[in-house]
Structure formats: structure tokens, C-alpha cells
Amino acid sequence: MNASSKPLPVGLSIVSIVCFNFASYIGNGLPLAVLPGHVLNTLGFGSAMAGLVIGLQYLTTLLSRPLAGQLADCFGAKRAVMTGLVVLTASGLLTALAIVLPVSPWVGLALLMAGRILQGISSALISTPSCTWAIGLHGPAHTAQVMSWNGIAAYGGTAIGAPLGVLIRDHLGLAGIGTCIALLGALPLLFAQTRRPAPLLPGMRLPFRSVFMAVLPNGLAVSCSSAGFGSLTAFVALYFDSLGWANAAYCLSAFGVAFIFARLASPNVVPRFGGYRVVTVCMAIQTVGLLLVWLAPSPL
């Protein structure tokens, strides 16, 4: 076996898979700080519509999870991720077209929403299948390592994407953001083709309803914990704008950096203290954080 054919170390191999989720979340982060202002100030719609345009992606991701799981189960996680990258490319192209085409505000809004829907579908097809791909390659013993790296990739991508989106808008315009989203789908797709697929495991698949009911109690806690992130992504740019503040993107970056720091600095808190205690403390911290955003007299 020559050097070029030697398998990667486990950690590096996991990173080489979850990097697709990293690219996806950079694409998710790019429009967060700039798209609400475009809907509000350029297209002339209200704050509710601006929030809907941002939130539509996450709603679509939620609704697309069962489809993503079925695709990964039937055709393999690699196929699901590659399909997601194709859809991400299409979403970026639609976003760019919504900006550059000389159309009415309603048509422009419809194109933006179509792009957001596709981006939501792509996120569902990339995020969880990336985990199952890496776990399928290295076994359940590395599940915690895969989940940790996947979380770092997701929120690290958001932390980078939000200020990068502002930079791209300032130099290339909003159409440049759509183009970059398309590239974040197309370029990783070339790399994904070179990665080894995980084997398909035979056996009966549990129906989605059974899985949903099994994870519902703990899943509700995860949903509540995601409310803070959802509030930030959908409305922090509008909130900053309403107060005359700049640099809303750095608020999203601070969230992403804090998430990564917490993951790296406290890897053993759940085994040591128990999941219930950790969740309780984290929910309290999130409440304090949202109150600080609400009561802050300045961006600093």
C-alpha cells in the first residue's frame, strides 16, 4: 500500500466528512445579517416578512429531515450529502437571480423564498447525513467525536458566514452572496466524490413516527434551547437596525465562537454531572443571554 492510498487517521477522516456541513453552514450564515435589510429596505416589506424569509429555511430543514433520513438509509449518506450540495448550489443561484433580475418586489421575494426553501432542504440533506456518514465509516464508538466535530463545523460556519456576508455585500453586492452560496455547494461536491462511502447496513428501518416519539421528550428540550439561536438568526439584524446599531453580524459570530469554546472547554460535563443538570444550567444561561440582548444599551 503506497502513501497516497493509506487511510486517514480517524480524527482527520471525521473532519474530512463534516467539512461539508461546515461549508453548508457558512452558506447559511452569509445572508443572515444582510438579507433582512434587503427585504425590509429594498423590497419594501415589513419586519414580519423579513423574519419569515430567514425562518423559512429552518422550517424547511425541519420538514425535510424525514426525507433526508430516508435518502441516507436507502441510498447511503454520501449520496444524501452530495444531493444536498447540488441543492445548495441551486439555492445560491436562485438567490443571485432574485437580486439581479429586474422584477417586481413580489417576484423578487418569491425567488428569495424559493432559494431559502432549497437552502433549507440542502441543510437537512447535508447536516445529519454527514454525521451518519462519518459514524458509518468509523463505528458507533466514535459517535461522540463525530457529533462534537459536527457541532463545531455548524456553528463555526455560522460564526464565519455572518460577517463574511457583510463583507461580500459591501464589495460584490447581494448577488455576490448568492454566487458564493452556489460555490459553497459546487466546490465541496467535487471533493465529496473522492471520499469513501459508508457501507449500507441491512435491516428493518424504524418508521419516522416511532423515532419521533422516542426522541420527543428530550427533543422538546433541544427545541427550547434552539429558540435563542432562532431569535438571533431571524431578528438580530432587524433589531440592531431598529436601534441604529451596526455590525449585527458580530453578534452571530460571538454566538458561534461561544458555542465552539463551550464544546472544547467542557467535553466531559455530561458524564460528570448528568444531562439533566447540564441542560438546566444551559437553559438558565441562555435566558440570561437573551435578556442581555434585550436590555443592552449599546452593541458593546
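The values are calculated or read from the model by the stated rules, or taken from the named source; none is laboratory data. Values in this document were obtained by computation on a predicted structure and should not be read as measured data. Positions of Cβ are backbone-derived with ideal geometry, glycine not excepted, and every protein chain shown enters the neighbour counts.
With the structure loaded, tell me whether Ser122 is in contact with a Phe, Trp or Tyr (Cβ under 6 Å, 6 or more places away or on another chain), part of a helix (DSSP H, G or I) and within 30 Å of Leu201 (Cβ to Cβ) or whether it fails that test.
Criteria not met by Ser122.
Which one is nearest to Leu238 (Cα to Cα) among residues in region 261-272 that are surrounded by 13 or more Cβ atoms within 10 Å (Cβ to Cβ) and among the hydrophobic types (A, V, I, L, M, F, W, C)?
Ala262
I'd like the full set of residues that are in a helix (DSSP H, G or I) and either free of Cβ contacts under 8 Å to residues at least 12 places away in the same chain or of a type in the set (A, V, I, L, M) (or both), limited to region 44-69.
Ala48, Met49, Ala50, Leu52, Val53, Ile54, Leu56, Leu59, Leu62, Leu63, Leu67, Ala68
Among what's in region 75-111 and is closer than 15 Å to Met49 by Cβ, in contact (Cβ under 8 Å) with a residue 60 or more places away in the chain and surrounded by fewer than 24 Cβ atoms within 10 Å (Cβ to Cβ), pick the residue that is nearest to the chain's Cα centre (by Cα).
Result: Leu109.
For the structure I just gave you, tell me whether Ser130 is in a helix (DSSP H, G or I), surrounded by 20 or more Cβ atoms within 10 Å (Cβ to Cβ), polar (S, T, N, Q) and within 21 Å of the chain's Cα centre (by Cα).
Yes, satisfied.
Listed residues Thr280, Thr233, Thr287; which is in contact (Cβ under 8 Å) with a residue 60 or more places away in the chain and among the hydroxyl-bearing types (Ser, Thr, Tyr)?
Thr233
Considering only residues of region 188-202 that are of a type in the set (A, V, I, L, M) and in contact (Cβ under 8 Å) with a residue 24 or more places away in the chain, which is surrounded by the most Cβ atoms within 10 Å (Cβ to Cβ)?
Applying the filter and picking the extreme gives Ala192.
Return only the number of the condition from (1) closer than 27 Å to Gly173 by Cα; (2) at pLDDT below 95 that Ile17 does not satisfy.
Ile17 satisfies every listed condition except (1).
I'm told Leu32 meets every condition in (1) at pLDDT below 90; (2) buried (at least 20 other Cβ atoms within 10 Å of the Cβ); (3) part of a helix (DSSP H, G or I) except one. Can you identify the failing condition by its number?
Unmet condition: (3).
Answer yes or no as to whether Thr179 is among the polar types (S, T, N, Q), modelled with pLDDT under 90 and either more than 16 Å from the chain's Cα centre (by Cα) or not in a helix (DSSP H, G or I) (or both).
In short, no.
When residues of region 6-27 are filtered for being surrounded by fewer than 16 Cβ atoms within 10 Å (Cβ to Cβ) and either farther than 17 Å from Pro197 by Cβ or small (Gly, Ala, Ser) (or both), how many remain?
Result for region 6-27: 4.
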